[in-house]
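Data first, discussion second: the structure below is written as structure tokens.
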Amino acid sequence: MNATFLHPDVPELAIFVGLQAAGKSTFYRRYLARTHRLVSKDCLRNNRRPVRRQLQLIAEALEDGASVAVDNTNATAEIRRELVELGRQYGARIVGYYFASTLARSLARNRLRLGRHCVPDFAIEATYRRLERPSLEEGFHELYLVKALFDEQFLISSWEREPALL
């Protein structure tokens, strides 16, 4: 599953795509925390230009030869395009992870969150309305479909072709 192990000399840019509370951060902690630096706009809340800072942090990691995971909703192809282009500039292997979730499931998971990790329902609903499923044509070297199960378990499958709607 992890291209870093297949190509250890090439840094990987892992781009997460999905609704809030779809399991992205849990997935990062479980599968990529040991091998990838984390970049998330959630960690840049006090930054006046979080998108610019995010790109800077990704570039720094890739320049160092480190793999990096971008843990945001990355809801549209336009948003992902900038990340893919940056990864290509540094010769990174670009891997996408699409976190399949229904609106109802993400809203329910969000209600289990505590403190600042809980986001307003309207934010999840707004992301749901603009969420575009990724495709290999966007420039990903690999694309995976990820479904959060229970007890921090995930079903991960390779995106060989456009999967059926979930």
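The values are calculated or read from the model by the stated rules, or taken from the named source; none is laboratory data. Remember, predicted model here, so these are calculated numbers, not experimental data. Positions of Cβ are generated from backbone atoms using ideal geometry, with glycine treated the same way; all protein chains shown enter the neighbour counts.
Only residues that are of a type in the set (D, E, K, R) and assigned to a loop (DSSP other than H, G, I, E, B): list them for the range 109-159, please.
Passing the criteria: Arg113, Glu132, Arg133, Asp151, Glu152.
For the range 91-108, name all the residues that are assigned to a loop (DSSP other than H, G, I, E, B), among the hydroxyl-bearing types (Ser, Thr, Tyr) and crowded, with 18+ Cβ neighbours inside 10 Å. Selection gives Ser101 alone.
Annotation note: Cβ proximity below 9 Å between a residue of the range 84-101 that is at positive phi and a residue that is not aliphatic (A, V, I, L, M) (sequence gap 6+ or interchain) occurs for Gly91/Pro11.
When Arg111, Arg116, Arg130, Arg81 are screened for being modelled with pLDDT of 95 or more, under 21 Å from Ser25 (Cβ atoms) and exposed (fewer than 13 other Cβ atoms within 10 Å of the Cβ), only Arg130 passes.
Taking the condition within 21 Å of Tyr31 (Cα to Cα) and among the aromatic types (Phe, Trp, Tyr), does Phe122 pass? In short, no.
Restricted to the range 41-76, and to residues there that are modelled with pLDDT of 95 or more, closer than 20 Å to Ala21 by Cα and hydrophobic (A, V, I, L, M, F, W, C), the residue that is surrounded by the fewest Cβ atoms within 10 Å (Cβ to Cβ) is Ala75.
Can you tell me how many residues in the range 145-157 are over 22 Å from Lys41 (Cα atoms), surrounded by 11 or more Cβ atoms within 10 Å (Cβ to Cβ) and either touching a residue at least 24 places away in the same chain (Cβ under 8 Å) or aliphatic (A, V, I, L, M) (or both)? Within the range 145-157, residues that are over 22 Å from Lys41 (Cα atoms), surrounded by 11 or more Cβ atoms within 10 Å (Cβ to Cβ) and either touching a residue at least 24 places away in the same chain (Cβ under 8 Å) or aliphatic (A, V, I, L, M) (or both) number 5.
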